[in-house]
Amino acid sequence: MTSQREFSGHSRNLIFLLENSKYFQGGQFRKDDILMENKVVVITGANTGIGKETALDLAKRGAKIYMACRDKNRGEEARMEVIEKSGNPNIYFRQLDLASLTSVRSFAQAFKNEESRLDVLLNNAGVMMIPKCHTEDGFEMQIGVNHMGHFLLTNLLLDLLKKSAPSRIINVSSLAHINGQINKEDLNSEKSYNRITAYSQSKLANILFTRELAKRLEGTRVTVNALHPGAVNTELMRHIPKFLTFIGRPFLKLFFKTPRSGAQTQIRLAVDPVLEDVTGKYF
């Protein structure tokens, strides 16, 4: 049986965790006075999670935001929410399916026809640890959406970013890149599929793309940086095995960031003037 002393010790530990849970939320970007009026921003996957929180923050700063999302109904719903909470009417939904290179090309062309500048491209959308499936173009879904779709989108919008310099490209990666390897012989994981391995590969690809593009854009005043948002309680976790979710549910609020807290790094990368010339880094 558990002794009174042991019970008391466990209780103190639990109280300590509850009282200090705010520290698991990470740093907060406090520079609310930095405005983004006359800035044009594209955020992929902006209808939920850290993407939506970033859209809301930048909207409050006066930015003109294009929320590039796959699902029209959810995208429009998120758009109206951001407008209502920010009081900024210059928020637009545009359909973009990163699992379709045709959709990526259509989005980019329509955007260039509509806008003459682009100040921030935030490649935020992603999928994580999903069952094996493929994009419209035959790529394994995680490498296809997380890297290939954003790779094409970025390249198609580069001329506009250069024209608008100083401008910023922000790629949302993950600490999972540490365990990642680019499997050149089996990029699509046809021989053997492991959802964690495939996810890690895609996140490593984000960082390698960031570093190489930063080198190629040297002197253009277009910066490229990648980031790990932390462990965030968002819809991205919906494909994690249910038994793990059930076991971990009590700890989500304690140890995982809220979407608001998880968005802080990419908000800073989009806004902070101190980082205007910082490029090729991982935050």
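The values are calculated or read from the model by the stated rules, or taken from the named source; none is laboratory data. The structure displayed is predicted, hence computed values, not measured ones. Neighbour counts run over all protein chains shown; Cβ positions are idealised from the backbone, glycine included.
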Note to self: Is it the case, given these coordinates, that residue 86 is within 24 Å of residue 148 (Cα to Cα), among the polar types (S, T, N, Q) and at pLDDT 95 or above?
What the structure shows: no
Next item on the list: Can you tell me which residue among 106, 86 is over 18 Å from the mean Cα position of the chain (by Cα) and farther than 19 Å from residue 268 by Cα?
Entry: 106
Margin query: Among the residues in region 101-115, are any closer than 12 Å to residue 44 by Cβ and not in a helix (DSSP H, G or I)?
Written below: no
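In region 169-190, what residues are under 17 Å from the mean Cα position of the chain (by Cα) and either farther than 18 Å from residue 126 by Cα or modelled with pLDDT of 95 or more (or both)? First the steps, then the outcome.
Of the residues in region 169-190, the ones under 17 Å from the mean Cα position of the chain (by Cα) are 169-177.
Answer for region 169-190, where residues must be under 17 Å from the mean Cα position of the chain (by Cα) and either farther than 18 Å from residue 126 by Cα or modelled with pLDDT of 95 or more (or both): 169, 170, 171, 172, 173.
Just the residues that are closer than 18 Å to residue 73 by Cα and assigned to a helix (DSSP H, G or I), please, taken from region 41-52. Full working, then the answer.
Restricting attention to region 41-52, the residues satisfying the condition of being closer than 18 Å to residue 73 by Cα are 43-49, 51-52.
The answer is 49, 51, 52.
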Check: among the aliphatic types (A, V, I, L, M), touching a residue at least 40 places away in the same chain (Cβ under 8 Å), in a loop (DSSP other than H, G, I, E, B) and within 19 Å of residue 161 (Cα to Cα): does that describe residue 122?
Finding: no
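Would you call residue 159 farther than 22 Å from residue 49 by Cβ and in a helix (DSSP H, G or I)?
On the way: farther than 22 Å from residue 49 by Cβ: yes; in a helix (DSSP H, G or I): yes.
Yes; evaluated as a whole, the condition is true for this residue.
Quick one: which residue in 143, 130 is surrounded by 15 or more Cβ atoms within 10 Å (Cβ to Cβ), within 17 Å of residue 101 (Cα to Cα) and either at pLDDT below 95 or in contact with a helix residue (DSSP H, G or I) (Cβ under 7 Å, 6 or more places away or on another chain) (or both)?
Going through 143, 130 in turn, the sole match is 143.
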